[in-house]
Structure formats: structure tokens, C-alpha cells
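Engineer: This is the structure, below, for whatever I ask next.
The values are calculated or read from the model by the stated rules, or taken from the named source; none is laboratory data. Just so we're clear, the structure is a prediction, and the values are computed from it rather than from any experiment. Cβ placement follows ideal geometry from the backbone for every residue including glycine, while neighbour counts extend to all protein chains displayed. The protein model used for the area step is the full one, side chains on, heavy atoms only, and it has no ligands, DNA or RNA in it. Shrake-Rupley method; radii C 1.70, N 1.55, O 1.52, S 1.80 Å.
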Amino acid sequence: MWIERLRRQPLVVQAIWAILAFAFVAALVEARWSLAFVAAATFALSMVPVLAQRRLGIRLPVRFFAWIVIFTFATIFLGEAFDFYNRFWWWDVVLHGGSAMAFGLIGFLFIFTLFQGDRYAAPAWAVAFMSFSFAITIGALWEIFEFAMDQIFGLNMQKTGLVDTMWDLIVDTIGAGVGATAGFFYLRGRELGGLTAALREFVAANRWLFRKRLMRRRGR
């Protein structure tokens, strides 16, 4: 069962899992225990959505799952194990922006779920604003976490301190705005690249979360 489920995953996901498996074995052979741990941890975290889908009854569209695996791989394995954060100045910017945009989409889906898919329960701009606020809150909490780790354990997660934090928040704001705008466009029946398509796929795959919306459509 598990083998068949893994084979049904996108090629990019299978490729990442293969890289992690190879890196884990190679690290064990070379006694590079930290690399082996990071490879194993990255693989375990990338499997969390698979387990969550079964336990929570939520179905993740292919592109959603692929994004999660790619982001986990880029953040933990490439970012930490291979020091991409220091090798490429833009690595942290891209990941912060991508995560903020993702949280904007997640925030929209969460709020839309609270309304049970009733797009008439609140104006589109209000739902988008709440989605934006959700994503910004996550970004701010992460910066507080980085500050706490640096102060308590003497780490250097903030890199250049205030400057790094402010740029992270600026990028978070832009990414959150893009994700929230995608939700706004979705409610207005308009397109915004592949983001609105991803939202439609999630709603279609999890119809039981959006009962009111379906009941309105059936009543027409």
C-alpha cells in the first residue's frame, strides 16, 4: 500500500526522496552523522502531509503536496546541511517570500472553511485581509522565535540582526499580499497565475469542508 502511494507522487517529489535516501546512506558510510540526521529529518517532515491527509481526512492536491516537499527540502536540507543561506544571499529571501505566500493561501482556505465556503458571508476584501493578517502573524511569530533562539542559546538565526529581521518582514508582507490577493481573485472568479487554480483544486478535493457553498449551488 505504502509503495503504491509513494509511486503515485509527482516525479519531483520522488526525485527529492531519492536524493535524501542517497544522502542518508552516503552520510552513514562516511560517518557524517549530522548530515545523516538532517537527511532523515527532512524526509520525515516531507512525509507529514501524507500522514496528515489520512488522519484528518483532508486531500492535498498534487501541486500543494509538491510545494510542501520542495520547500522542506530547500529549507532544511539545502539551506542548513549545504549552507545555501550563506552561499546565496537570495536563498533566504525566496524562501521567506514563498512561505509567506503559502501562508496567505493557507490563511484564506482556513477562513473560507470557517465560513463553510459561503462566499457571501463576508466581502471578498475582508476575507483577503484576514488571510493577509494570518500570514503576517505567522511571519512575525517566526521572527520572535529567531530572536529568542539567538538570545537564549547564542545562535545566529537573525544573521545581521535588525536589518535581517526587517527585510524578512518586508518579504513576508509582499508574499502574504500575493497569497491574500489570490484568495480575493478566487472569490471574484478571476485568475492569478496558478495560485487561484491551486485554491480551486483544494476546494474541489475537500468538498465536505465547504458545505454551504455547495448547498447554494445546488439550490440554484
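Engineer: Among the numbered criteria (1) at pLDDT below 85; (2) of a type in the set (A, V, I, L, M, F, W, C); (3) closer than 21 Å to GLN158 by Cβ, which one does VAL94 miss?
Structural biologist: So the condition that VAL94 fails would be (1).
So that you can scan it fast, the table gives a plain yes or no per residue for (1) farther than 26 Å from ALA66 by Cα; (2) among the β-branched types (Val, Ile, Thr):
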| position | (1), (2) |
| --- | --- |
| ILE144 | yes, yes |
| ASP150 | yes, no |
| GLY161 | yes, no |
| THR165 | yes, yes |
| THR173 | no, yes |
| GLY189 | no, no |
| ARG200 | no, no |
| ALA204 | no, no |
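Engineer: Testing THR196 on (1) over 29 Å from PRO61 (Cα atoms); (2) modelled with pLDDT of 90 or more, one condition comes back false. Which one is that?
Structural biologist: (1)
Engineer: Another question, if that's okay. One residue is enough: does the stretch 178-193 have a residue meeting the conditions modelled with pLDDT under 90, open to solvent by 30 Å² or more (accessible area, probe 1.4 Å), of a type outside the set (A, V, I, L, M, F, W, C) and within 21 Å of the chain's Cα centre (by Cα)?
Structural biologist: Checked the stretch 178-193: at least one residue is modelled with pLDDT under 90, open to solvent by 30 Å² or more (accessible area, probe 1.4 Å), of a type outside the set (A, V, I, L, M, F, W, C) and within 21 Å of the chain's Cα centre (by Cα).
Engineer: Please list, ordered by residue number, the helices (runs of 4 or more DSSP H) wholly in the stretch 34-137 having 2 or more residues that are more than 20 Å from GLY179 (Cα to Cα), among the aromatic types (Phe, Trp, Tyr) and open to solvent by less than 70 Å² (accessible area, probe 1.4 Å).
Structural biologist: Fully inside the stretch 34-137 and qualifying: 84-87.
Engineer: Let me ask you something else. Take the residues in the stretch 24-33 that are open to solvent by 80 Å² or more (accessible area, probe 1.4 Å) and aliphatic (A, V, I, L, M), then tell me which one is nearest to the chain's Cα centre (by Cα).
Structural biologist: Looking at residues that are open to solvent by 80 Å² or more (accessible area, probe 1.4 Å) and aliphatic (A, V, I, L, M), I get VAL25.
Engineer: Let me ask something else about it. Only one of these is modelled with pLDDT under 90 and within 25 Å of GLY57 (Cα to Cα): ALA135, ALA205, ALA122. Name it.
Structural biologist: That would be ALA205, the only listed residue that is modelled with pLDDT under 90 and within 25 Å of GLY57 (Cα to Cα).
Engineer: Here is a follow-up. Here is a list: GLY154, GLY175. Which entry is open to solvent by less than 100 Å² (accessible area, probe 1.4 Å), of a type outside the set (Ser, Thr, Tyr) and at pLDDT 90 or above? Let's see the steps before the verdict.
Structural biologist: Working: GLY154 fails: at pLDDT 90 or above.
Unique residue meeting the criteria: GLY175.
Engineer: So, in the stretch 60-81, exactly how many residues are farther than 30 Å from ARG207 by Cα and of a type in the set (Ser, Thr, Tyr)?
Structural biologist: Counting residues in the stretch 60-81 that are farther than 30 Å from ARG207 by Cα and of a type in the set (Ser, Thr, Tyr) gives 1.
Engineer: Would you tally the residues in the stretch 157-172 being open to solvent by less than 80 Å² (accessible area, probe 1.4 Å) and not acidic (Asp, Glu)?
Structural biologist: So in the stretch 157-172, the residues open to solvent by less than 80 Å² (accessible area, probe 1.4 Å) come out as 157-158, 161, 164-165, 168-172.
Cutting the leftovers down to not acidic (Asp, Glu) gives us 157-158, 161, 165, 169-171.
Residues meeting the conditions: 7.
Engineer: Among the candidates ASP164, ASP172, single out the residue that is charged (D, E, K, R) and over 17 Å from the mean Cα position of the chain (by Cα).
Structural biologist: Numbers: ASP172 fails: over 17 Å from the mean Cα position of the chain (by Cα).
After applying the criteria, what remains is ASP164.
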